[in-house]
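Here is the structure we will look at.
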Amino acid sequence: MIIVLFGAPGVGKGTQAALLAERTGMPHLSTGDAFRQAIKAETALGKTAKEYVESGRLVPDDVVTGIAREAIMQPEYANGCILDGFPRTYVQARALDEILAELGRTVGKVINIEVANEEIVQRMLKRGRKDDTEVVIRDRLAIYNAETAPLLDYYTVAGKLLSIDGNADVETVYERIAAALG
Ligand code: AMP
């Protein structure tokens, strides 16, 4: 089963993906974490990703789909995985479908975590990450609305979208996700 955790930046995708991974044993693939590690280790990928990640813009689709493809093809992902922060554009969603089709698999469910915009800004400011200044947060939300939110229709039409009210504490949101996944 491939589960996609979807939602605006700051809704708790990473936290919920990590919990889901810990409690189900499914591996967790976060493209954001992959970029942050690459930047820290100063790899070629890190050098490419740095200016995008730090300014809150999207890393180009070919770079992102390349690392997602490589990861998903690994044997430890053969029994499913939790995707966190990928796909974020229509091009990435189509690429994901193609990668999975090559493996004879498909996206199972897309969990859309919904949180009000002002609450998102407050949560991200508390997180204190380098790309969490107020200006960058507002830009990231605008990019989400323009480029990523349209995927909600894509996955609704595919019958895969499960929307979850994310305006609650971590455990409550987790229970909602677990209940939705059955
Ligand atoms: P995240 O940890 O998911 O909030 O991602 C942090 C940053 O990594 C984003 O603001 C983007 O710059 C970059 N990033 C992560 N995932 C993607 C993706 N699927 N497409 C493009 N950029 C991404």
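The values are calculated or read from the model by the stated rules, or taken from the named source; none is laboratory data. Because the structure is a prediction, the values reported are computed rather than measured. Every residue, glycine among them, receives a Cβ derived from its backbone with ideal geometry; neighbour counts consider all protein chains shown.
One line per residue, one yes/no per condition, for (1) farther than 28 Å from A178 by Cβ; (2) assigned to a loop (DSSP other than H, G, I, E, B); (3) aliphatic (A, V, I, L, M):
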{"position": "V63", "(1), (2), (3)": "yes, no, yes"}
{"position": "E76", "(1), (2), (3)": "no, no, no"}
{"position": "I82", "(1), (2), (3)": "no, no, yes"}
{"position": "P87", "(1), (2), (3)": "no, yes, no"}
{"position": "Q92", "(1), (2), (3)": "no, no, no"}
{"position": "G108", "(1), (2), (3)": "no, no, no"}
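Go through the residues of the stretch 3-14 one by one and say whether even a single one is more than 15 Å from the ligand (Cβ to nearest atom) and crowded, with 20+ Cβ neighbours inside 10 Å.
Yes, because at least one residue in the stretch 3-14 is more than 15 Å from the ligand (Cβ to nearest atom) and crowded, with 20+ Cβ neighbours inside 10 Å.
Can you tell me how many residues in the stretch 24-48 are more than 9 Å from the ligand (Cβ to nearest atom) and either closer than 17 Å to R140 by Cα or in a loop (DSSP other than H, G, I, E, B) (or both)?
6
May I ask you to list the residues in the stretch 64-73 that are near the ligand (Cβ under 9 Å from one of its atoms) and farther than 13 Å from G32 by Cβ?
Hit for the stretch 64-73 is T65, nothing else.
With respect to L141, is the statement that it is under 20 Å from F86 (Cβ atoms), within 14 Å of the ligand (Cβ to nearest atom) and surrounded by 12 or more Cβ atoms within 10 Å (Cβ to Cβ) true?
yes
Yes/no matrix, rows are residues, columns are (1) closer than 16 Å to R140 by Cα; (2) free of Cβ contacts under 8 Å to residues at least 12 places away in the same chain:
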| residue | (1), (2) |
| --- | --- |
| G10 | yes, no |
| Q16 | no, no |
| K50 | yes, yes |
| G56 | yes, no |
| G66 | no, yes |
| Q74 | no, yes |
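Quick test for you: out of A168, A179, pick the one residue that is part of a helix (DSSP H, G or I) and either surrounded by fewer than 18 Cβ atoms within 10 Å (Cβ to Cβ) or among the hydrophobic types (A, V, I, L, M, F, W, C) (or both).
Answer to the selection: A179.
Kindly provide the set of residues from the stretch 75-92 that are at pLDDT below 95 and within 11 Å of the chain's Cα centre (by Cα), ordered by number.
If the condition is that a residue be at pLDDT below 95 and within 11 Å of the chain's Cα centre (by Cα), then no residue fits.
Against the conditions (1) of a type outside the set (G, A, S); (2) more than 29 Å from V173 (Cα to Cα); (3) touching a Phe, Trp or Tyr at 6+ places or on another chain (Cβ under 6 Å), where does T31 fall short? Just the number, please.
(2)
Is it true that A21 is in contact with a Gly (Cβ under 7 Å, 6 or more places away or on another chain), assigned to a helix (DSSP H, G or I), modelled with pLDDT of 95 or more and of a type outside the set (F, W, Y)?
no
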